[in-house]
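First comes the structure, then the notes that go with it.
The values are calculated or read from the model by the stated rules, or taken from the named source; none is laboratory data. Values in this document were obtained by computation on a predicted structure and should not be read as measured data. Positions of Cβ are generated from backbone atoms using ideal geometry, with glycine treated the same way; all protein chains shown enter the neighbour counts.
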Amino acid sequence: MSSHLAYHFDGRFDLVKFINIVQQAGMYLILRIGPFVAAEWNFGGIPVWLHYVNGTVFRTDNYNFKVENEYGYYEGAYGEGGKRYAAWAAQMAVSQNTGVPWIMCQQFDAPPSVTFGAPNPHRPAEDVAFSVARFFQKVSTKFPDEAIKRWILDFALCTTQNDVIETCNMGSITAKSNLFLLPHFLLDQCLVTSQTALVEMVPDNLQQKDGSKALKWEVFVEKAGIWGEPDFMKNGFVDHINTTKDTTDYLWYTTSIVVGENEEFLKEGRHPVLLIESMGHALHAFVNQELQGSASGNGSHSPFKFKNPISLKAGKNEIALLSMTVGLQNAGSFYEWVGAGLTSVKIEGFNNGTVDLSHFNWIYKIGLQGEKLGIYKPEGVNSVSWVATSEPPKKQPLTWYKVVLDPPAGNEPVGLDMLHMGKGLAWLNGEEIGRYWPRKSSVHEKCVTECDYRGKFMPDKCFTGCGQPTQRWYHVPRSWFKPSGNLLVIFEEKGGDPEKITFSRRKMSSICALIAEDYPSADQKSLQEAGSKNSNSKASVHLGCPQNAVISAVKFASFGTPTGKCGSYSEGECHDPNSISVVEKACLNKTECAIELTEENFNKGLCPDFTRRLAVEAVCS
């Protein structure tokens, strides 16, 4: 909804089509009705123009605007209006009589009929599945119990009845009078088993059908500072968001300063220092069309300071500062009033000390020339004069790149690998892939080599990737590709190496399972019979490949006391040498298979004093 009453339900915005696809896949979805949905969505999903409608205040009992999610933590900031607002939202939702449960995320005073989640945090599928099961066990909803049981029993020994779990200890659980051993990442009340998988990104060089031909790159370089007519001039600074109104990430602040020939730094070859303070989110600083440096805030603290030596010459010097937003704040009390952009600019090192440019006359230009002309779209690509080159320039800021290419082979999901680029935007055939920014996380974060999921899950339980890019692959839907002649357009802000851009295909390299002999069978019927002393259900490993793939090899199999995790299993002191042959017989060339932990399959006489396990890693192709 880019403007008042301008609704968009075409293409990827076809919500009804998306819901139908989810249903066809046999899945459920949580529909967060906006405009405010938070959900890590730009401005909480609210169109920016709504903020400028007179009298509008988000997240309270406001005449102009209501509809909300994730309110509990912020309700108190709005006083009685907040309480009325929460009650209204719940009552309005329930009155629709939709027949499905309503959720008020983090809402501590929700009515009974409405119920309730830097470096890369990791969480295993088992723990996620368990949390879902625990939610339905613990929380009362209007959704019928039987509707829940029909699907949740497929992956968890858990129901909405409270008498299933009798006693729990770290490492073991008693359910229906049977004792089961648990892996450490499970919490304190339930047993969940699941297949896990290893996924790898397989790079494909950008190419045309005729592999002998080098790609024909073309480039267009933006002017740093003012292009075309200025939008306006002002002594001092304006707020970035109030100026662009989120029509673009970019706002140019440009001014000039005259340097006298008698300045000591010119005579001594020293560099004065540019000092900038900004409310966020990021900045590139140019002096006389040359990039001097960049700075940014982060996801938890947008304001930042920039301090960098710069090159000035005698006479007039142009200072062009490209302020950027990287998505707008999406949550918090009164978050719509959080600003962005420059608040102070100074240069230190002059004969007379520090020069404050903050109150100089600044020339403002909203957006980029390439954006304005739509040169990323097939219909606008010829609006500028592109320069053809066999070797596109590297490490060059403010550069647009375009190339025509063919889609990557296969039918796996595709990601655009931007590891060797700086920061910018990307499009395929006019469809926006989005912002890219392979920014590295801090090496000082608390990353771990081994994850311990005991206790309540929090994102910092298992940080990985410290000092590594926090983003690298950017999803490109297969439906966006044509059989040939695809237009890829990249805008690079600060410099990268476009020849190292690749499409990478996401392939499942291995599937794994680790089951102990005292685990209950994971099929629904035996779960419903759990606890019966006469039950003949056997613990078994279940493996399954994606659609149109079969199990082509068994990389590891061990019945006994194997250790490790998917991708790094190893045999323990106790190992049945027939393990691989048993698994191969049951699984090779099949889409899915099951291996029971029985005497018919394995040597049950091994290490009788231990609880034996079967670990399997197989390959799908």
Give the residue, chosen from K316, K305, that is farther than 26 Å from G495 by Cα and charged (D, E, K, R). K316
Looking for whichever is at pLDDT below 70, outside any helix (DSSP H, G or I), of a type in the set (D, E) and surrounded by 14 or more Cβ atoms within 10 Å (Cβ to Cβ) here; the options are E68, E126. Which one fits? E68
As an exercise: evaluate V37 against (1) within 24 Å of L328 (Cβ to Cβ); (2) of a type in the set (A, V, I, L, M); (3) modelled with pLDDT of 85 or more and give the number of the one condition it does not meet. (3)
Could you tell me how many of the residues in segment 585-620 are under 19 Å from E571 (Cβ atoms) and acidic (D, E)? 2
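Evaluate segment 556-577: report whether one residue or more is in contact with a helix residue (DSSP H, G or I) (Cβ under 6 Å, 6 or more places away or on another chain) and not hydroxyl-bearing (S, T, Y). Before you say what the answer is, go through the steps one by one.
Going through segment 556-577, the residues in contact with a helix residue (DSSP H, G or I) (Cβ under 6 Å, 6 or more places away or on another chain) turn out to be 557-559.
Right, trim to not hydroxyl-bearing (S, T, Y) and you get 557, 559.
Yes; the residues of segment 556-577 include at least one that is in contact with a helix residue (DSSP H, G or I) (Cβ under 6 Å, 6 or more places away or on another chain) and not hydroxyl-bearing (S, T, Y).
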Being aromatic (F, W, Y), assigned by TED's automatic domain parsing to the domain that holds A214 and either at positive phi or under 20 Å from the mean Cα position of the chain (by Cα) (or both), is that true of even one residue in segment 454-466? yes
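Name the one entry in N242, N298 that is in the same structural domain as G332 (by TED's automatic domain parsing) and farther than 30 Å from S504 by Cα. Working first, answer last.
Numbers: N298 fails: farther than 30 Å from S504 by Cα.
Being in the same structural domain as G332 (by TED's automatic domain parsing) and farther than 30 Å from S504 by Cα holds for just one of N242, N298, which is N242.
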Considering only segment 268-286, how many residues are in a strand (DSSP E or B), of a type outside the set (S, T, N, Q) and buried (at least 20 other Cβ atoms within 10 Å of the Cβ)? 7
Does segment 480-489 contain at least one residue that is outside any strand (DSSP E or B), closer than 23 Å to M201 by Cβ and either acidic (D, E) or at pLDDT below 90 (or both)? no
Check whether at least one residue in segment 254-267 is outside any strand (DSSP E or B), at pLDDT 95 or above and closer than 30 Å to P303 by Cβ, and report yes or no. yes
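Can you go through A133, A110, A118 and tell me which one is in a loop (DSSP other than H, G, I, E, B), modelled with pLDDT of 55 or more and within 25 Å of C462 (Cα to Cα)?
A118
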What are the residue pairs meeting all of these: first residue in segment 427-439, first residue closer than 16 Å to P498 by Cβ, second residue in a loop (DSSP other than H, G, I, E, B) and of a type in the set (V, I, T), Cβ atoms under 8 Å, and 6 or more apart or on different chains? W437/V326; P438/T470
Can you find a residue that is surrounded by 15 or more Cβ atoms within 10 Å (Cβ to Cβ), outside the structural domain of L398 (by TED's automatic domain parsing) and within 25 Å of G496 (Cα to Cα) anywhere in segment 346-353? no
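Yes or no, residue by residue, for (1) at pLDDT below 85; (2) β-branched (V, I, T); (3) surrounded by 11 or more Cβ atoms within 10 Å (Cβ to Cβ):
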site	(1), (2), (3)
V22	no, yes, yes
W49	no, no, yes
T56	no, yes, yes
N64	yes, no, yes
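Taking K394 as the residue in question, decide whether it is surrounded by fewer than 16 Cβ atoms within 10 Å (Cβ to Cβ), closer than 23 Å to Q471 by Cα, out of contact with any helix residue (DSSP H, G or I) (no Cβ under 6 Å at 6 or more places or on another chain) and not hydrophobic (A, V, I, L, M, F, W, C). Steps first, please.
Working: surrounded by fewer than 16 Cβ atoms within 10 Å (Cβ to Cβ): yes; closer than 23 Å to Q471 by Cα: yes; out of contact with any helix residue (DSSP H, G or I) (no Cβ under 6 Å at 6 or more places or on another chain): yes; not hydrophobic (A, V, I, L, M, F, W, C): yes.
Here the answer is yes, as K394 does meet what is asked.
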All but one of (1) out of contact with any Gly (no Cβ under 7 Å at 6 or more places or on another chain); (2) surrounded by fewer than 16 Cβ atoms within 10 Å (Cβ to Cβ); (3) not acidic (D, E) hold for G374; which doesn't? (1)
Within segment 435-453, tally of residues that are surrounded by 15 or more Cβ atoms within 10 Å (Cβ to Cβ) and within 18 Å of the chain's Cα centre (by Cα): 5
Quick one: in segment 408-433, of everything that is surrounded by fewer than 20 Cβ atoms within 10 Å (Cβ to Cβ) and modelled with pLDDT under 95, which residue is nearest to the chain's Cα centre (by Cα)? P413
When you check Y78 against the structure, is it under 21 Å from L29 (Cα atoms), surrounded by 20 or more Cβ atoms within 10 Å (Cβ to Cβ) and either at pLDDT below 70 or of a type in the set (S, T, Y) (or both), yes or no? no
